[in-house]
Amino acid sequence: MVIDRNHILEILKGVSDPEIPVLTIEDLGILRDATVDDDGKVIVHITPTYTGCPAMDMIRVNVRAALQEHGIDNVEVIQSLSPIWTTDWISEEGKRKLEEYGIAPPVEQTTDKSFINGDKKVVPCPQCKSTNTEMVSLFGSTACKAFYKCLDCKEPFDYFKCH
Amino acid sequence: MKNNDLFKYTLQLADDVMILGHRLSEWTGHGPVLEQDIALSNIALDLIGEARNLYQYAAKQEGNGKTEDDYPYKRDVLQWTNALIVEQKNGDFAQTIVRQFLFDCYHYYHLEALSKSTDEQMAFIGAKSVKEARYHLQYSAEWMVRLGDGTEESHARMQQAIEDKMHYFEELFIPTAAESRLVESGVAVDLAPIRVKAYAKLNEVIKESTLKLPEDIYTQQGGRNGVHTEHFGYILAELQYMQKSYPNMQW
């Protein structure tokens, strides 16, 4: 069987993130590439969002399982640190899905002056869209999120930190 | 053939974040309020993640079938080269915050410089972790101000914590012989400019916190040579319990 790289990528696009199941590993920018070597071995390159992210091991398992379902068994999953993942890697589609899910997406790029200077930012509430919100804690339910509350609709929400 | 200096340097950096991450994990389930419990656990996760990257790199250098787990689980006290500050007890929340803030002042600027290392893997690890350390420093600096410039009680506890922990700050800026040799080739970070930046941040935040640095600070050191404080054995007793009870067990 000849394994086609595009076919592999198509399968992997269906693998979702264990922590935020509405997003795929492609939306998040965790999936970097897949290659097929001369012996037909598939090599999948993934990159961690946070260094201690406990979801990485789960993602490895899910990547293998997805390929196995399509009869592809000879797979190696490689974790590469370069280029470094930032929230800029989250696709526009991914950001839209995050907001729909109730998680406020990053409001800036890591190259923005406001981020570099560490300016206070306005994070709109993903529920009622009000900009009258405040941070409760810099660290939320997972390492990649901060915890906010909306002062208008009073709902608490997670904010995917620019990082 | 492994470069002994680089190997030692890798382990020294790993040991610092491994032990501080372990200490912070002791707060999990015991934080003063839920948000802070989560925050300290998240910082612990970041630090242990950084330690894993470094231990994996050490294992790659050493070869012989070593894995990242061999270093934290199978070395005894004298083989650990972390600085003494990271092994100090959690104490009350003030003691934890001051220990964290002092380490963050060093760690953030150190990682920033490490991301420019001539050693490619070191540079990746630095660039990856500096993004997280930036949030750690922001977090601990905010608590320094909130508690230092807080109530009479919180101020007094913070001042006590500063006096207890400052003995361990300077050790972070004393290079080992191996480290100094690596600075020449641009692999290791030159600590002199890091020290200047760390003190600038420290002084700025101390002032805003209405706290005072003690005068005539006696510097405790020894961690880099494997000479640890009395708390360290207790950490290993817990951290390595499973491997000592059931050698080579797999989880």
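Can you grab the distance from the C-alpha centre of the range A:1-31 to the C-alpha centre of the range B:55-88, Å, no decimals?
After rounding, the separation between the Cα centres reads 35 Å.
Given labels modelled 7 Å from the Cα in the Cβ direction, how far is it in nm from A:R5 to B:K74?
About 3.9 nm separates the two model spin labels.
When Cβ neighbours within 10 Å are restricted to other protein chains, what is their mean count per residue of peptide A:142-148?
Partner Cβ neighbours, averaged per residue: 3.
Do you know the relative contact order of chain A, to the nearest whole percent, from alpha carbon pairs under 8 angstrom that are 6+ apart?
Relative contact order comes out at 17 percent.
In chain A, what cysteines have no partner Cβ closer than 4.7 Å?
Taking the Cβ cut-off of 4.7 Å, the unpaired cysteines of chain A are A:C53, A:C144, A:C162.
Rounded to the nearest 10 degrees, what's the angle between the helix B:152-165 long axis and the longest principal axis of chain B, both from Cα atoms, 0 to 90?
Computed tilt is about 30 degrees.
Can you give me the angle between helix B:191-208 and the longest principal axis of chain B, using Cα atoms only, in degrees from 0 to 90, rounded to the nearest 10?
That helix lies at roughly 30 degrees to the long axis.
Go ahead and run the numbers for FRET between B:H30 and A:I43, Cβ-Cβ distance against an R0 of 41 Å, rounding to 0.05. Please list the in-between numbers first.
Details: r = 43 Å, r/R0 = 1.05.
Computed FRET efficiency for B:H30 and A:I43: 0.40.
Given just the C-alpha atoms of chain B, how large is their convex hull per residue in cubic angstrom?
124
Over chain A, with a Gaussian network built from C-alpha contacts below 10 Å, which listed residue (A:P21, A:P126, A:P106) shows the highest mean-square fluctuation?
In the Gaussian network model the winner is A:P21.
Please report, to one decimal in angstroms, the Kirkwood hydrodynamic radius of the protein assembly as shown built from all distinct Cα-Cα pairs.
In the protein assembly as shown this quantity evaluates to 22.9 Å.
What percent do you get for the relative contact order of chain B when only Cα pairs under 8 Å and 6+ apart count? It would help to have the intermediate numbers written out before the result.
On the way: 339 pairs, mean separation 62.3, N = 251.
Computed over chain B, the figure is 25 percent.
So how far apart, in nm, are the two label points at B:T229 and B:T151 if each is 7 Å from Cα heading toward Cβ?
Inter-label distance under the simple model: 2.7 nm.
Between A:V122 and B:S185, take the C-beta separation as r, use R0 = 45 Å, and let me know the FRET efficiency to the nearest 0.05.
Values: r = 46 Å, r/R0 = 1.02.
Here the calculated transfer efficiency is 0.45.
Please identify the DSSP H helices in chain A that span no less than 15 Å along the helix axis (Cα) and have a mean Kyte-Doolittle hydropathy of -1.0 or more.
Qualifying helices: A:55-69.
P(r) for the range A:91-160: what percent of alpha-carbon pairs falls in each 5 Å bin, starting at zero?
4, 18, 27, 26, 19, 6, 0
Under Stokes-Einstein, with the Kirkwood radius over Cα pairs standing in for Rh, what whole-number D in µm²/s applies to the range B:23-68 at 20 °C and 1.002 mPa s?
Estimated diffusion coefficient is 181 µm²/s.
Quick one: if the Förster radius is 45 Å, what FRET efficiency do B:A237 and A:E155 give, using the C-beta to C-beta distance and rounding to 0.05?
Given R0 = 45 Å and the Cβ-Cβ separation, E is 0.50.
When 1/r is averaged over all different Cα pairs and the result inverted, which Kirkwood radius in Å belongs to the range A:5-79? Show your work: numbers first, answer last.
Working: mean 1/r = 0.0813 Å⁻¹.
Evaluated over the range A:5-79, this radius sits at 12.3 Å.
Distance cut-off 29 Å, Cα to Cα: go down the list A:K154/B:K131; A:K97/B:K128; A:K97/A:K120; A:K41/A:K95; A:K113/B:K128 and report the pairs above it.
Too far apart for the 29 Å limit: A:K154/B:K131; A:K41/A:K95.
If you line up the long axis of helix B:93-114 against the longest principal axis of chain B, both from Cα atoms, how many degrees apart are they, to the nearest 10?
In chain B, helix B:93-114 runs at an angle near 50 degrees to the longest axis.
Provide the gained length on full extension for the span B:K116 to B:W251, in nm with one decimal, where the gain is 0.36 nm per separating residue minus the Cα-Cα distance.
Answer, rounded to one decimal: 45.0 nm.
Each value in this text was obtained by applying a stated rule to the coordinates, not by laboratory testing. None of the values given here were measured: they were computed from a predicted structure. Heads up, the Cβs are rebuilt from the backbone with ideal geometry, glycines too, and the neighbour counts pull from every protein chain shown.
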